[in-house]
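Student: One structure is given below, represented as structure tokens, and several questions about it will come after.
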Amino acid sequence: TGSSKSTQAAVKAADRAHVFHPWSAQDLIDPLVVAGAEGSYFWDHDGNRYLDFSSQLVNTNIGHQHPKVVAAVQEQAARLCTVAPGFAVDVRSEAARLIARRTPGDLDKIFFTNGGAEAVENAVRMARLHTGRPKILSAYRSYHGATAAAINLTGDPRRWPSDTASAGVVHFWGPYLYRSHFHATSEVQECERALAHLEEVVAFEGPQTIAAIVLETVVGTAGILVPPAGYLAGVREICDRYGIVFVLDEVMAGFGRTGRWFAADHWGVVPDLLTFAKGVNSGYVPLGGVAISAEIAATFATRPYPGGLTYSGHPLACASAVATINAMADEGIVENAARIGADVLGPGLAELAERHPSVGEVRGTGVFWALELVRDRETREPLVPYNATGEANGPMAAFAAACREGGLWPFVNMNRTHVVPPCTITEAEAKEGLAVLDTALTVADAYTAA
Ligand code: PLP
């Protein structure tokens, strides 16, 4: 209608007047106006509806507007909106208990932050103070956030503009068989060689200088890289051998995304610190944190921990986490993610790969998948060059536009589209999304050698 059209235009104009957007050249963006959302969908004021295959920034694990979480935030707002982190509050204690019950091993103390980057920032601080060592090792194909330490840990090009040589971060190659840095031809070989490489980096950096190795359990934005069996256990061994703190970043992979509460559960690996955010409360209110092992917690038993945030363990955020975790448990949402991955997305994406020459590889688990798009399946040349922008990124931009025209909101990164819907997605919705991808992939196919 005319009135909704003018609402759409007015909201966009107001955005362009005063909102400064992240990661963007301000004059070159055209943000979609969002009017509302429910479950796996969101829509604008003009009646255009999108199936959200991105879960926003891979955070709405429980879908949009879950009624129990909305009610919990409303009830908490009426009861107690805010209180400083130094006080004890029922809702914060309960959120910590529910998280600690699910985190692997003895990670039983929870330090709350407002998001993922702050969680990583504090994990790094804890590791340095616990070991008294300066350096942190992380993988090239990684994203850990945009604050000072977190952006230096980040391995992908989002680091470059903020890189500081003083950060004490050393990068290494993780396992990635499809584009193996180790000339490996099997998962077993890739795993062995990636571990040998890491051990060599540790030896040459000097083990006594390394506080922590930080890894995403399953690499998220940098490619949905599921580690081969034995890799994380091997990293755990290296850490144990040299007294290095093992940090698993589960900001994106945690809370159901991989079909388990934590991705580490797939391999039975227990880190010393685990960072979380996003899925802990689906981002209804900003929340993140660090789950801390008994040994590291003991370091700060009589020595003060030198870090904190005004909103650490914010009551509204904690109330939404309690409601989210309880709803996920009561409604079998983690199991749904596993089932949709195994029965619908896994087979459905494999079937698309068979018919579309632009699909080089399909990989993932749960509701955490990537399609790697290529010009040529033989040479594996990416559909667009690494970190391409503008015209060079044309084929991926055309693919994304075709998804949106079909009513699907994709998560596109470099030459990949990630299939990362809410953990609550139904079979029918997943199939609806696969059908749109099928059509959009014909656009990508047109750029291939085939
Ligand atoms: N770590 C990982 C693995 C992430 O995927 C992200 C965000 O995408 C972060 C850390 C940073 O989280 P935030 O954006 O909440 O600071």
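Student: For the chain, modelled as a Gaussian network with Cα springs under 10 Å, which listed residue fluctuates most, 367, 280, 83?
Tutor: With Cα springs under 10 Å in the chain, the top fluctuation among 367, 280, 83 is at 83.
Student: Quick one: among 371, 80, 274, which has the greatest mean-square fluctuation in a GNM of the chain with alpha-carbon springs under 10 angstrom?
Tutor: Between 371, 80, 274, it is 80 that shows the largest mean-square fluctuation.
Student: While we're on this one: At a Förster radius of 56 Å, what calculated FRET efficiency corresponds to the Cβ-Cβ distance of residue 209 and residue 435, to the nearest 0.05?
Tutor: 0.60
Student: Amide H to amide H under 5 Å from residue 245: which residues, 5+ apart in sequence or cross-chain, H placed 1.01 Å off N in plane?
Tutor: 212, 213
Student: Another one. Can you compute the FRET efficiency between residue 401 and residue 378 using 1/(1 + (r/R0)^6), with r the Cβ-Cβ distance and R0 = 25 Å? Round to the nearest 0.05. Don't skip to the end; give the middle numbers.
Tutor: Details: r = 28 Å, r/R0 = 1.10.
It comes out at approximately 0.35.
Student: At a 10 angstrom cut-off on C-beta neighbours, averaged per residue, how do the peptides 145-154, 257-266 rank from highest to lowest? Spell out each step's value before the answer.
Tutor: Numbers: 145-154: 22.0, 257-266: 24.8.
By packing density, highest mean first, the sequence is 257-266, 145-154.
Student: For the chain, what is the calculated [θ] at 222 nm in deg cm²/dmol (nearest 500), taking -39500 (n - 2.57) for each run of four or more DSSP H residues and dividing by its residue count? Each step should come with its number before you reach the end.
Tutor: Numbers: 14 runs with 170 residues, N = 450.
Helix contribution divided over all residues of the chain: -12000 deg cm²/dmol.
Student: Is the C-alpha gyration tensor of the chain telling us rounded, prolate or oblate? Criteria: a/c under 1.5 is rounded; beyond that, a/b larger than b/c is prolate, otherwise oblate.
Tutor: Because a/c hits 1.5 or more and a/b fails to exceed b/c, the chain counts as oblate.
Student: Evaluate E = 1/(1 + (r/R0)^6) for residue 387 and residue 43, where r is the Cβ-Cβ distance and R0 equals 30 Å; express this FRET efficiency to the nearest 0.05.
Tutor: Values: r = 32 Å, r/R0 = 1.07.
The formula returns an efficiency of 0.40 here.
Student: Please tell me the relative contact order of the chain in percent, rounded to the nearest whole number, where contacts are Cα pairs under 8 Å and at least six residues apart.
Tutor: The value is 20 percent.
Student: Under a point-charge model restricted to the Cβ atoms of Lys and Arg (+1) and Asp and Glu (-1), what is the dipole moment magnitude of the stretch 67-330 relative to its Cα centre, in debye to the nearest 20? Write out the running numbers ahead of the final one.
Tutor: Details: 22 positive and 24 negative charges, 98 e Å.
The dipole of the stretch 67-330 has a size of about 460 debye.
Student: Shifting gears a bit: With the cut-off at 1.5 for a/c, could you classify the stretch 229-362 from its C-alpha gyration tensor as rounded, prolate or oblate?
Tutor: Judged from the Cα gyration tensor, the stretch 229-362 comes out oblate (a/c at least 1.5, b/c at or above a/b).
Student: Starting from 0 in steps of 5 Å, tell me what percent of the Cα-Cα pairs of the stretch 67-330 lands in each bin.
Tutor: 1, 6, 13, 18, 19, 16, 12, 7, 4, 2, 1, 0
Student: Further question: If you add up the charges near residue 248, with Lys and Arg at +1 and Asp and Glu at -1, over every other residue whose beta carbon is less than 12 angstrom from its beta carbon, what do you get?
Tutor: Residues near residue 248 contribute -4 overall.
Student: Cβ under 13 Å from residue 177's Cβ, residue 177 left aside: what net charge do those residues give with Lys, Arg +1 and Asp, Glu -1?
Tutor: Numbers: positive: 141, 179, 193, 363, 380; negative: 187, 190, 192, 361, 372.
Neighbour charge sum, excluding residue 177 itself: 0.
Student: Another question, then. Measuring from centroid to centroid over Cα atoms, what is the spacing of the stretch 106-150 and the stretch 162-186 in Å?
Tutor: Computed from Cα coordinates, the inter-centre distance equals 18 Å.
Student: Specify whether the C-alpha gyration tensor of the stretch 45-166 places it in the rounded, prolate or oblate class, a ≥ b ≥ c being the square roots of the eigenvalues: rounded for a/c under 1.5, otherwise prolate if a/b is larger than b/c and oblate if not.
Tutor: Oblate is the answer for the stretch 45-166, as a/c is 1.5 or above yet b/c matches or exceeds a/b.
Student: For the stretch 184-261, what relative contact order do you get, as a whole percent, if you take Cα pairs closer than 8 Å and at least 6 residues apart? Kindly include the intermediate steps, with their values, before the conclusion.
Tutor: Working: 70 pairs, mean separation 27.1, N = 78.
This gives 35 percent for the stretch 184-261.
Student: Work out how much length residue 339 to residue 23 would gain on full extension: take 0.36 nm times their residue separation and subtract the Cα-Cα distance, in nm to one decimal.
Tutor: 110.3 nm
Student: State, as an integer percentage, the relative contact order of the stretch 67-330 based on alpha-carbon contacts under 8 Å between residues 6 or more apart.
Tutor: Rounded, it is 30 percent for the stretch 67-330.
Student: Order of 203-212, 282-291 by packing, highest average Cβ count within 10 Å first? The partial results should precede the final answer.
Tutor: Details: 203-212: 16.1, 282-291: 25.6.
Highest mean packing first, the order is 282-291, 203-212.
Each reported figure results from applying straightforward, stated rules to the coordinates on display, with no laboratory input. Remember, predicted model here, so these are calculated numbers, not experimental data. Note that we place each Cβ from the backbone using ideal geometry, even for glycine, and neighbour counts take in every protein chain shown.
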